[in-house]
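Inspection log for the structure reproduced underneath, given as structure tokens.
The values are calculated or read from the model by the stated rules, or taken from the named source; none is laboratory data. Computed from a predicted structure; not experimentally measured. Positions of Cβ are backbone-derived with ideal geometry, glycine not excepted, and every protein chain shown enters the neighbour counts.
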Amino acid sequence: MKRNKLNYLIGLTLFLMSIVFFCMQIVFLYINANFQVEYIDNRLFYIINMTLAICLLISIYFLIKQSKKLKVTYSIILIIFIVSQIIMVIISEQKISNMTSISPDFKHVFSIKENVKTGESLYYRSYYGILAKPKEKLPYHKVGNFKVEWIEKDIAAITYKTAEETIQQYIGTYGDRGDGVSYYYVGAEIHGVWSGENIEVVSNTEGISVTENGHKELFSWDSIEQFGTLAIVLKRENQAIWTIGLHTNFEVQSNSTKPAVGNISLYKATMSKIEPVRLHFKTSTQ
């Protein structure tokens, strides 16, 4: 008796879950058609379809008494459906290639969708976890694969090569180090001298200079691109060289003569696997 009750509860739960997934897909199709909202990763649509079908089939096993022949029939239908969804995923990826990365604290999703035919890549801003809207087109067509590195828990850097053999970086930012209302310039906020192991960064009126192993390079302000309020990319001849991000412990002190509080992260623009370097404030500059 207890076993029958348990089977009923399991079956009912799975059946209700399948209804929830079905309703979710219907709502998604509506908002997709009317508000240009997409899943953060296009493959999610087919994964949810497969999950829905599995929940529905298992619920039938638990709720309805069936012959062995009928169970086999249901199983074959389920396998055919899942295979069809896998094929749809493959076809979809041949049209729109998805690059999705989740932040280390699982709070943010960085998403790039590339039109395979045209080579255009769009950055998508996530909403409510799995939903997203296109925000900006990447300025250059990539060649090869993207490389993603989370510089901080809310700063993602994507590095890629172009057909012109240049290296570019695009930064996704998902936070703020100020009051969340006012806009500020990262370069101005890090005014001063920052140091780390064999690396020094100086931000002053001339621009930002990076000294690595004794080699110094100055980047003027017109060759520095800001992303959100958390990161900047230092460029040479329209090619990304370094990215500087504000660490989570950094405190914005706009219009203040006080020394900077917190750390910054320095990340080199390269397709090789490297880690961002943590720098600490050393002294102010004139």
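For the reader, a short list of remarks on this structure follows.
- Positions within segment 106-122 being touching a residue at least 40 places away in the same chain (Cβ under 8 Å) and either surrounded by fewer than 20 Cβ atoms within 10 Å (Cβ to Cβ) or touching a His at 6+ places or on another chain (Cβ under 9 Å) (or both), in sequence order: Lys107
- So Gly180, is it within 28 Å of Asn249 (Cα to Cα) and either buried (at least 16 other Cβ atoms within 10 Å of the Cβ) or touching a helix residue (DSSP H, G or I) at 6+ places or on another chain (Cβ under 6 Å) (or both): no
Quick grid of which residues meet (1) touching a residue at least 40 places away in the same chain (Cβ under 8 Å); (2) hydrophobic (A, V, I, L, M, F, W, C); (3) part of a strand (DSSP E or B):
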| residue | (1), (2), (3) |
| --- | --- |
| Ser209 | no, no, yes |
| Ile232 | yes, yes, yes |
| Asn249 | no, no, no |
| Lys258 | no, no, no |
| Leu266 | yes, yes, yes |
| Phe281 | yes, yes, yes |
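- Hits in segment 117-143 (condition: modelled with pLDDT of 90 or more and either more than 21 Å from Phe28 (Cβ to Cβ) or touching a Gly at 6+ places or on another chain (Cβ under 6 Å) (or both)): Glu120, Ser121, Glu136, Lys137, Leu138
- Selection within segment 63-77 - part of a loop (DSSP other than H, G, I, E, B) and of a type in the set (D, E, K, R): Lys65
- Conditions (1) out of contact with any Phe, Trp or Tyr (no Cβ under 7 Å at 6 or more places or on another chain); (2) under 23 Å from Ser220 (Cβ atoms); (3) among the hydroxyl-bearing types (Ser, Thr, Tyr): number failed by Thr162: (1)
- Among the residues of segment 78-105, those that are of a type in the set (A, V, I, L, M, F, W, C), in contact (Cβ under 8 Å) with a residue 12 or more places away in the chain and out of contact with any Asp or Glu (no Cβ under 8 Å at 6 or more places or on another chain) comprise Leu78, Phe81, Ile82, Ile86, Met88, Val89.
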